[in-house]
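One structure is given here, and the rest of the page talks about it.
The values are calculated or read from the model by the stated rules, or taken from the named source; none is laboratory data. It should be emphasised that the depicted structure is a prediction, and the values quoted were computed from it without experimental measurement. Note that each Cβ is placed from the backbone with ideal geometry, even for glycine, and that neighbours are counted across all protein chains shown. Ligands, DNA and RNA are stripped out before the accessible areas are found, and what is left, the full protein with its side chains, is counted by its heavy atoms. Shrake-Rupley method; radii C 1.70, N 1.55, O 1.52, S 1.80 Å.
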Amino acid sequence: MFLVDDEIVVRENMRNCIDWEKEGFVYCGDAPDGELALPLIEKLKPDILITDIRMPFMNGLELSAIVRKMQPGIKIIILSGHDEFEYARQAIRIGVEDYCLKPVSAEDIIRVLRVISAKEEASETHRSLPAGRIDLLGHESLDYPLSLDREGFVEFLKVGSPEQKELHIRRFAKDLENVDWESSLYGFFLLHDLTLTIFREAGEQYGEQVRPDDWLPEMKSRISAIRSWEAACEYLDQLAELFWHWRSQSSDRYSVLIARVKQFVQEHYGDERLSLHDAARHVNVSPSHLSKVFSQETGTTFIEYVMETRIKKAMELLLSTKAKSYEIACRVGYQDPHYFSNVFKRLTGMTIRDFRKRGKAGQPVVQRSGHS
């Protein structure tokens, strides 16, 4: 059985969470994209191909049509989302064995494979496959010989700066120094996989401004042209610059939105019912989107910002009026004076009484809240 899916989590779970030998199958390999899968399928000649439909470089239907001509006897299983019914009709025309809706459990996969295996055994003697897994270098192994720290690289892109880029990229790409770019597909596999990971992360972070269809063909072309470690590092440099381009656009785009949200809080902090939903409605975005953007752009959550705004206003009132603490609590949005006192002490490091004494005595007042 050979698997093609652009999500590495799916491939790793499929590879590691099923006892293939016990179930009577051989997991002979996988790939993140149809184009990378083709030479492996031609080499390994698997009995069964499981492929996702939506993949960036060559989708599952294109792959299936080519494989069907190349290896007519192969059994093909398509994995698809609920919104892809039109693809199912095309898959039927290609002659796939089964069409499974995601998410697919291990039990579902095994059940489908057993049905296919039973049909195959009824018609011909089942062909055996090599016991070892053949990787993209053509070696038999259980694991790929190299790996890249994708999570570490993505984290660097989120918080790093151009000044750190060259050193970080060379450290990150050190394991690629021994890749033979002329005769091996393995380096291309790793860079394809990394690119998909970064595009997915950018989409989650920066939303609709990340348009994979506009960039992936060009990035695919750049990867295909790599013939040296230096060229690989240059590609990683370009990938970093693209991510930072999206990051910069996002910061510019959300600055106005964040300013409007902060102004809304300044105007409504005294309302005890003030919520994320109210602010999201005010700026016409979903609460979940606002929560993510606000935290990402300000370094604090919306709730923390409201809390700090209220305490700052309370501090002003404590020093400028003779109002009782419970009255001030009510004016800044807290109906429970005890809860207000606890929040005040947590954010300022002082009790309300100590704060007022210091202010009246002209002593410096420490303010822990750092968000404006």
#### Entry: Residue in segment 100-117 that is modelled with the lowest pLDDT, counting only those that are closer than 18 Å to ILE74 by Cα and open to solvent by less than 60 Å² (accessible area, probe 1.4 Å)
CYS100
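Restricting attention to segment 265-272, does a residue exist that is under 24 Å from the mean Cα position of the chain (by Cα) and of a type in the set (Asp, Glu)?
The first filter runs over segment 265-272 and keeps only residues under 24 Å from the mean Cα position of the chain (by Cα), leaving none.
For segment 265-272, residues under 24 Å from the mean Cα position of the chain (by Cα) and of a type in the set (Asp, Glu): absent.
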### Message
With the requirement that a residue be surrounded by 15 or more Cβ atoms within 10 Å (Cβ to Cβ) and closer than 24 Å to LEU38 by Cα, what does segment 161-183 give you?
### Response
LEU176, VAL179, TRP181
### Any hit, segment 313-328, residues being open to solvent by 70 Å² or more (accessible area, probe 1.4 Å) and of a type in the set (Phe, Trp, Tyr)
yes
### Message
With the structure loaded, tell me whether GLY187 is surrounded by 14 or more Cβ atoms within 10 Å (Cβ to Cβ), at negative phi, assigned to a helix (DSSP H, G or I) and without any contact (Cβ under 8 Å) to a residue 40 or more places away in the chain or whether it fails that test.
### Response
no
#### Entry: Residue list for segment 37-55, filter: more than 17 Å from CYS100 (Cβ to Cβ) and open to solvent by 10 Å² or more (accessible area, probe 1.4 Å)
LEU38, PRO39, LEU40, GLU42, LYS43, LEU44, LYS45, ASP47
### Query
Which ones in segment 1-34 are in contact with a Cys (Cβ under 9 Å, 6 or more places away or on another chain) and either more than 25 Å from GLY187 (Cα to Cα) or in a loop (DSSP other than H, G, I, E, B) (or both)?
MET1
### Task
Provide a single number: the residues in segment 284-301 that are more than 19 Å from the chain's Cα centre (by Cα) and open to solvent by 10 Å² or more (accessible area, probe 1.4 Å).
7
### Among the candidates GLU304, GLU308, residue that is surrounded by fewer than 17 Cβ atoms within 10 Å (Cβ to Cβ), of a type in the set (Asp, Glu), more than 25 Å from TRP246 (Cβ to Cβ) and modelled with pLDDT of 90 or more
GLU304
### Message
Go through (1) open to solvent by less than 60 Å² (accessible area, probe 1.4 Å); (2) at pLDDT 85 or above; (3) under 16 Å from ALA202 (Cα atoms); (4) not small (Gly, Ala, Ser) for TRP246 and report which single condition fails.
### Response
(2)
### Query
Any residue in segment 223-241 that is out of contact with any helix residue (DSSP H, G or I) (no Cβ under 6 Å at 6 or more places or on another chain), aliphatic (A, V, I, L, M) and free of Cβ contacts under 8 Å to residues at least 24 places away in the same chain?
yes
